[in-house]
Number of protein chains: 2
Amino acid sequence: MTASLIDALREALGKAKVDTSGAGLDARRHDYWMVSHARDLAGEGAPRPACVVRPASIEDVQATLAIAGERRVPVIPFGLGSGVVGGVIASAEAIVLDMGAMNATRFIDPVNLLASFDAGKNGLEAEEAVALQGLTIGHWPQSVAISTVGGWIATRASGQFSTAYGNIEDIVHSIEAVLPGGDVVVLGRGPRASAGPDLRSLMMGSEGCLGVITGVTFSVRRAAQSRALSAFSAPDMRAGFELQRQIIQSGWRPPVMRQYDEREALRLDERAKGCLLLMIHEGPAALVAAQAQAAGAMAKAAGIAVAPLGIVETWLERRNHVPGWEQILPRGIVADTVEISGAWTAIGNIYDHAVASLKEMEGCLAASAHSSHVYRSGLNLYFTFAVATQGPKVMEAVYLDAWRRIMEATDRHGGSLAHHHGIGRVRRDYLERELGASGVALLRRLKQAIDPGGIMNPGVLLPDA
Amino acid sequence: MTASLIDALREALGKAKVDTSGAGLDARRHDYWMVSHARDLAGEGAPRPACVVRPASIEDVQATLAIAGERRVPVIPFGLGSGVVGGVIASAEAIVLDMGAMNATRFIDPVNLLASFDAGKNGLEAEEAVALQGLTIGHWPQSVAISTVGGWIATRASGQFSTAYGNIEDIVHSIEAVLPGGDVVVLGRGPRASAGPDLRSLMMGSEGCLGVITGVTFSVRRAAQSRALSAFSAPDMRAGFELQRQIIQSGWRPPVMRQYDEREALRLDERAKGCLLLMIHEGPAALVAAQAQAAGAMAKAAGIAVAPLGIVETWLERRNHVPGWEQILPRGIVADTVEISGAWTAIGNIYDHAVASLKEMEGCLAASAHSSHVYRSGLNLYFTFAVATQGPKVMEAVYLDAWRRIMEATDRHGGSLAHHHGIGRVRRDYLERELGASGVALLRRLKQAIDPGGIMNPGVLLPDA
């Protein structure tokens, strides 16, 4: 069956686009989810897929979906594999659709501030392309250099400058996608429309389950005229949250607002004292000056001391560094970051309960959090845990236990169980707590309507029926 | 059949909630669409519906949908009837679901800045309820006093202060709705989530076709600390657009930015000269001062003169006045406002071509436009036309011809064909130009998945298959 599938794909796309080499298949078995790497270590890793297809055009994507649809073969869209929730795990019969060859800059329009790319474009390369014209996409996920612009859409991503510049849904102008039946949709036209439900939203967060994103146009910005930094030391997390609430609810919007608990503050910079609150202000010079001054005055009024601005510079330098699993897992340690969001009145409790629960785990080496995305109604938390285990055979169970503790603390206080990494496999059994049973049923119905054959990335997003 | 339907509804909901009085039915035959009123004048008006149901609870809505579903009877959700695109027109067999009795304030949370209402809550009353606590929803459609918060969701509405405070999709925190099958969904939980596609978007712009919106929670704001006004006289529309582009793309966001062509400027205030550009700045005092100063400096650099600030006050006083059709239609005049959006490089051409085309119409009395919602990538235009006709029998055809001219001018330059009034009936045959054939097919598929019986507001949004 696999041989006939590969023959059909090669006939339709050309031989060079259908990779069945051992190295090619191995490199596309899974993404950056810790569990996949731990399974590899335990000798229980994901199998090689049937093949890796590298489309060069929309027509190649359509042809692949047509062949997969006829044969009911799973198709797993693959960007650059930086996802961390198990959104990509190959099965032996699956086609992995590696979008890396569709990586063109389609156009950059400096008058209307639009920039359009193939979905497989590397995020940092996209940002560098617009920067040449004095522009910025303004979307800076930690993975910016190892993710694609299409992946940003599929995961409903957030960047480090989101508090002023918005999350991906605030930056996207239009999305081009191929639906499982072969239709090409281009969603988004003018600056804003009231023309039925915004169908772009269907693709944002679709995690490869509703179609293949092939192109993205962003509503970009001019590079900021001016930048200023602020840093404060709060006596505890709640005091820092309250200062952030006052700043944002007063109508100020620093693009970066980050708050670290004591443990993470010291890890970031040894000059830190207590909880650390970092801000970057950007925009016209007069706005930046007024905002930095206001933030300082509000901190002073709250009795919160300033911290060295050099710590913000430290963060700017180190912000995209992530240690590889190969430095962690072979030592028998499981670790991860888990992002959730909660209302202002809930977030202190979520923090306390999740950290306390993680610390109860046998072998807990670290349990900490920072916040990094602020809204009028609340903010996110980004937990980090590390737990020493007895080795590969138990790592997955220990890991899932740590996740469960964070999910339950968040759920208990009404927070959202996923802020910006998505659902993938690690959260799909929690989706009902987020959407309710009827919300999950609605999503299932949409999936069924768009992908009746169930070929698009099965096993992801939706819990088993 | 109708008698048995009414019996079933009365049995399930209680007699008082099922209105079959002539006055009750007459008042709910249609919304504020000009065509419905012209048809009434021509003696060809919409029929009375089978009944008007006024649910008092979610359970009442569920019971109504269950009865309608069994019998395949159309259900037409009705807010306050201020829609202007034919989203509500009764048929003789239909149930009009008047949400007016579900009008409670559910809660106001001044710490997390959330305010929750039944969907039938009058918009101005909702705003007044939060204002008592020093808050604002910040959503000011012209219809604020004659529309419901649920209607804002259903139509994907915009308010006059949108340029800083966003359109309805930027203000909504969560939406409660009853789906045609009876499921209650509550969409939206924490401040932000990446938990699959944002299902709130399905309801925003659904125009009664996907379910019944029963509750809305907004992410509100603190009332602004400070306000400043700006007014400028631009020599022509293009010069004004260019100044708006420079201001918004520099990173400033006045909540109100409005630009009137010469005709509308004079109609607003006789002190106006040329094209008029009005702004309201709101926020912390230092931000407002910096922004008003920057706008003034940018206008000066562009050679654009200041205009009397009193004109902004005139606008603030008169902004929600709309003449009734009874003052216009009996004189044989058809008139309407039509809102679209376009990129900065397109908007001048759309303006020129639409106005020129309208002026070619026999009997054209007025053809003008203003802009009122600004984005990084472009802005909207709000056309006004008035055309003298030979009377009721030809009014609809003349009206549709005027619409066609605006739709075609917009389409020709790649604009969005509906900015914030929705599709209803007047635009449904243009939907394919906005979404493409495959986009319409996708929307049709979603409708079929959620409302397989086709009971929800048939004839609206989607073109005939």
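The values are calculated or read from the model by the stated rules, or taken from the named source; none is laboratory data. Keep in mind it's a predicted model, so treat the numbers as computed, not measured. Neighbour counts run over all protein chains shown; Cβ positions are idealised from the backbone, glycine included. These accessible areas exclude ligands, DNA and RNA; they are computed on the full protein's heavy atoms, side chains included. Shrake-Rupley method; radii C 1.70, N 1.55, O 1.52, S 1.80 Å.
What to note about this one:
- Nonlocal amide H pairs with A:ALA418, under 5 Å, H built at 1.01 Å: A:SER341, B:SER194
- Debye log10 I(q)/I(0) for chain A, one point scatterer per Cα, at q = 0.06, 0.08, 0.11 Å⁻¹: -0.27, -0.48, -0.92
- In nanometers and ordered shortest first, the copy-to-copy spacing of the B:ASP170 label point, defined 7 Å from Cα toward Cβ, is 0.8.
- Relative contact order of the stretch B:11-168, defined on C-alpha pairs under 8 angstrom at six or more residues apart (%): 19 percent
- Portion, in percent, of the accessible area of the stretch A:40-190 that falls on carbon or sulfur, probe 1.4 Å: 54 percent
- Amide H contacts for B:ALA369 (H built 1.01 Å from N in the peptide plane; partners 5 or more residues away or on another chain; cut-off under 5 Å): B:ASP261, B:GLU264, B:THR384.
- Inter-copy label distances at B:ALA437, using a point 7 Å along Cα-to-Cβ, come to 4.3 nm with the shortest given first.
- With label points defined 7 Å past Cα in the direction of Cβ, position A:PRO452 shows copy-to-copy spacings of 1.2 nm, given to one decimal and shortest first.
- Helical contribution to [θ] at 222 nm, DSSP H n ≥ 4, -39,500 (n - 2.57), averaged over chain A, rounded to 500: -11000 deg cm²/dmol
- At 1.306 mPa s and 10 °C, Stokes D of the stretch B:300-351 from Kirkwood alpha-carbon radius, µm² per second: 105 µm²/s
- Taking the three principal axes of the alpha carbon atoms in the stretch A:326-407, the coordinate ranges are 43, 24, 16 Å, sorted in descending order.
- Rounded accessible area of B:LYS393 (nearest 10 Å², 1.4 Å probe): 150 Å²
- Euclidean distance between Cα centres, the stretch B:13-66 to the stretch B:312-370, Å: 30 Å
- On a per residue basis, the convex hull of the C-alpha atoms belonging to the stretch A:2-100 measures out at 89 Å³.
- Relative contact order, percent, chain B [alpha-carbon distance under 8 Å, six or more residues apart]: 15 percent
- Taken over the stretch B:226-318, the percentage of Cα pairs per 10 Å bin, counting from 0 up to the bin with the maximum distance, is 18, 54, 26, 2.
- Reciprocal of mean inverse Cα separation for the stretch A:261-379 (Kirkwood radius, Å): 16.9 Å
- Per residue, the convex hull spanned by the Cα atoms of the stretch B:103-222 amounts to 98 cubic angstrom.
- Size descriptor for the stretch A:362-449, Kirkwood hydrodynamic radius: 14.9 Å (Cα pairs only, one decimal).
- Note on the stretch B:97-129 and the stretch B:378-426: Cα centroid distance 33 Å, given to the nearest whole angstrom.
- Taking each residue as 0.36 nm, the span from B:SER226 to B:GLN448 lengthens on full extension beyond its C-alpha to C-alpha distance by 75.1 nm.
- Translational diffusion of the stretch A:390-430, estimated by Stokes-Einstein from the Kirkwood radius over alpha carbon pairs at 37 °C in a medium of 0.692 mPa s, is 293 µm² per second.
- Selected from A:ILE213, A:GLY391, A:GLY363, residue furthest toward positive end of dipole (chain A; charges at beta carbon): A:ILE213
- Solvent exposure of chain B, expressed per residue, is 34 Å² of accessible area, with all protein chains present and a 1.4 angstrom probe.
- Mean projected area of the convex hull spanned by the Cα atoms of the stretch A:43-189, taken over all viewing directions: 9.6 nm².
- The ellipsoid that matches the Cα gyration tensor of the stretch B:115-171 has semi-axes, each √(5λ) in whole angstrom, of 15, 14, 10, with the longest given first.
- Annotation: Cα Rg of the protein assembly as shown relative to the compact-globule expectation 2.2 N^0.38 Å equals 0.94.
- Listed residue pairs exceeding 29 Å between alpha carbons, taken from A:LYS273/A:LYS359; A:LYS300/B:LYS300; A:LYS17/A:LYS121: A:LYS300/B:LYS300
- Between 0 and 90°, nearest 10: helix A:237-249 axis offset from chain A longest Cα axis: 80 degrees
- Area of B:VAL172 that stays accessible when all protein chains are in place (1.4 Å probe, Å², to 10): 10 Å²
- A 1.4 Å probe, protein heavy atoms only, puts the accessible area of B:MET34 near 0 Å².
- Take the accessible area of chain A alone and of chain B alone, subtract that of the pair, and you get about 7000 Å² summed over both chains, using a 1.4 Å probe.
- Averaged over residues, the count of other Cβ atoms within 10 Å places the peptides B:371-378, B:260-267 in the sequence B:371-378, B:260-267, highest first.
- Taking a quarter of the surface of the Cα convex hull of the stretch B:215-261 gives a mean projected area of 5.4 nm².
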